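The values are calculated or read from the model by the stated rules, or taken from the named source; none is laboratory data. Computed from a predicted model, the values in this text were never measured in an experiment. Note that each Cβ is placed from the backbone with ideal geometry, even for glycine, and that neighbours are counted across all protein chains shown.
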């Protein structure tokens with residue numbers, strides 16, 4: 001018999017976390033060619049950062065290096 005998986009958060013904590021994320025961050029969905037997600041993930045892991053942080057840093061670096069900001 002399988003044990004029921006316990007939630008990491010209480011329902012109140014989950015609601016508070018969802019509200020915080022909604023008020024603090026915007027979501028952007030990107031699509032990458034098959035296999036590239038794993039490649040990007042390994043690059044992020046090797047640099048000691050999350051995939052999300054890798055993308056943010058790459059975009060910010062591109063904008064800065066190409067003087068694209070207004």
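List of remarks:
- Residue in segment 37-49 that is farther than 30 Å from residue 7 by Cβ and either in contact with a helix residue (DSSP H, G or I) (Cβ under 9 Å, 6 or more places away or on another chain) or modelled with pLDDT under 95 (or both) present: yes
- Scanning segment 51-68 for residues that are exposed (fewer than 12 other Cβ atoms within 10 Å of the Cβ) and in contact with a helix residue (DSSP H, G or I) (Cβ under 8 Å, 6 or more places away or on another chain) yields a total of 1.
- Residue ID - modelled with the lowest pLDDT, chosen from residues in segment 1-36 that are touching a helix residue (DSSP H, G or I) at 6+ places or on another chain (Cβ under 9 Å) and surrounded by 10 or more Cβ atoms within 10 Å (Cβ to Cβ): 9
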